[in-house]
Amino acid sequence: MSINANDIRSRNDKKLFDLLVADPDVKKVKHVVERMEEKGPISIRRQLLATSVRLSPSMAPQVHKFKSHCVEALGVDIPIELYVYNSAQFNAACVKPEEGRLFVMFSSSLLEAFDEGEMLFIMGHELGHHLYQHHDIPIGYILRGPHRPSPKLALQLFAWSRYAEISADRAGAHCAPSFEVVGRSLFRLASGLSEQVVQFSLKEFLNQLDDMQVENTQPSQGAPKEDWFSTHPFSPLRVKALELFFDSVFVKDDGLSVDELEMSVHRLMALMEPNYLDGRTKTTETMRRLLFAGAVLIAEASGGIDDKEIERFEGFFGKGTFSDELDLNRLKQELPHRIEQTREHASVAQRMQVLHDLCLMARASGWVTAAEREVLVSISEGLNVSPSFIHTCLDRNLDLD
Ligand SMILES: [Zn+2]
C-alpha cells in the first residue's frame, strides 16, 4: 500500500496531543512562549551558527543525500538546514522552524559512527517530529519554566512524549531499509556503542525485553542485568514497537491491521506505564501508597509543605487525601514498610515507574534540592534500583529526543 506520513502516526500520540494542546495550562505556557518570540525572536539559527557547524551540500554531500531521501519519502515541504555540533554522545535533534526553515542537528560522534541506513532512520525520526507538529507542545519549557505544571499534567506530558517518540520512530522506519537497521540504530543510541566495540544482535536486544516481561510476572527476581538498560528502559520497547510496525499492513500486505498494531503497541507501553494510579490489584495499591508517602516526604525534605504544595497533592491524589491530620512523622515511620512492600510485590519496571514518577513530581514542583535528591536516592536503594536511575531521571533533558 502507498502510505502517507500521517497514516503511520501513532493514534495515541494524536489523541494525547489533541488533549494537551487544548489544556488550559499548556495553552497558557504556549501563549507566554509566543509573546517572548514576538518581543524578539529567540534566534535558534543565530545560536546554531555560533555553536555548531552548518553542513553545506558541498561539505557533506552524503548527509544531504540522506536528507533528500527522507524528504521525499515523508513528503516534507520546507527548506532544511543541517548542523553538526561537537559531542561524544550519539544524539540528534530537530527544532521548531524559524522563518520558514527547519533545522536538524547531529552530534559529531553520531555522524561519524552511523552508517547510511542508520542515518536514514535518525533523519526520518527527526523529520517525523516536525511533520507531526510535536514542537507545538513546548514540553521542556512547560516542565522547566517558571509556571510549574501540576504533577498530573507533568505525567500526561510524559506519557504523550513516549507516544510521540513512537510516531517519530515510524517516520524513521519508513525511510530506513529494514527492521534490523532501525533496531541497531536504537541500540546504539541507548548504549553509546559503535560497531567496533560490540557486534550488534537484534535477537539478543529483543530478548532483553522478554526478560523485562518475565520480571513483570516474577517480580522477586533481581535487577536488570545490563546497567545501561536500567537507564534506558524505554529503548527495547521502542524496538519492539517498531517490530510490530514492520509486521503491520504499513509494511507488508498480509500484516497486522492498523487496529491490531495500535492495540499491541498500547499493551507494550503499558509495561512501562502499568497504570497503577487506577489499578485495583494489591501491587498497584502498594505502588500508589509508596508514591503518596514518597511525594509528601520529598516535598517536606525541602523545607516543609506549604498550601501550594497541598493543592498539588490534592489535584493529583484527589481532594481530601492530604488533610491537616496527615501525620508526617507516622508517614516517615511507615515509609520503609511501604518501600519493602513495593519491592516485594512490584516488578523492576514497575518500581522504576514509581521512582520515575516521584522524580517527575519533584521536578514539577521546582528546583530539586540536595535533600529531595537524597530522599529519592534512599527510596531507590530500598527498591533495589540503582541510584543512577534517579540521577538520570532528575538530570535528563525533558525535551523530545
Ligand atoms: Zn525523538
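The values are calculated or read from the model by the stated rules, or taken from the named source; none is laboratory data. Fair warning: this is a prediction, and the values are worked out from it, not measured in the lab. Every residue, glycine among them, receives a Cβ derived from its backbone with ideal geometry; neighbour counts consider all protein chains shown. To get the accessible areas, we keep the full protein, side chains included, count just its heavy atoms, and leave off ligands, DNA and RNA. Shrake-Rupley method; radii C 1.70, N 1.55, O 1.52, S 1.80 Å.
Things to note:
- Degrees, to the nearest 10: 307-317 long Cα axis against longest axis of the chain: 70 degrees
- With Cα atoms, 0 to 90° folded angle of helix 258-272 axis to the chain main axis: 50 degrees
- Portion, in percent, of the accessible area of region 282-395 that falls on carbon or sulfur, probe 1.4 Å: 47 percent
- Extent along the principal axes, Cα only, for the chain: 68, 52, 39 Å, with the longest axis given first.
- For region 282-395, with +1 on Lys and Arg beta carbons and -1 on Asp and Glu, the positive-most of 368, 284, 310 along the dipole: 284
- Helix axis angle, 202-217 relative to the chain longest principal axis, alpha carbon, degrees: 20 degrees
- Loop-resident sites, region 1-108, for GluC sites (Glu not before Pro), counting at most 14 other Cβ within 10 Å (DSSP): 99
- Most mobile of 155, 355, 49 in a GNM of the chain (Cα contacts under 10 Å): 49
- For region 362-401: rounded, prolate or oblate by the Cα gyration tensor [a/c cutoff 1.5]: oblate
- Evaluating 6.51 cos²θ - 1.76 cosθ + 1.60 at θ = phi - 60° for every residue in region 170-177, the Karplus couplings come out as 5, 4, x, 4, 5, 8, 8, x Hz, glycine and proline recorded as x.
- For residue 256, the amide hydrogen comes within under 5 Å of the amide hydrogens of 248, 249, counting only partners 5 or more places away or on other chains and with H modelled in the peptide plane.
- Backbone geometry of region 182-192 corresponds, through the Karplus equation with coefficients 6.51, -1.76 and 1.60 at θ = phi - 60°, to 3J(HN,Hα) couplings of 5, x, 5, 4, 5, 4, 5, 4, 6, 8, x Hz, x marking Gly and Pro.
- Kirkwood hydrodynamic radius of region 282-395, from inverse mean 1/r over distinct Cα pairs, in Å: 14.0 Å
- Built amide H within the under 5 Å cut-off of residue 55, gap 5+: 82, 83, 84
- Amide H contacts of residue 302 (H built 1.01 Å from N, under 5 Å, at least 5 apart or other chain): none
- ³J(HN,Hα), Karplus 6.51/-1.76/1.60, whole Hz, each residue of region 88-99, x for Gly, Pro: 7, 8, 5, 7, 8, 7, 9, 10, 3, x, 10, 6
- Within straight-line reach of residue 203, meaning a Cα separation under 29 Å, sit the following lysines at least 8 residues removed in sequence or on another chain: 225, 240, 252.
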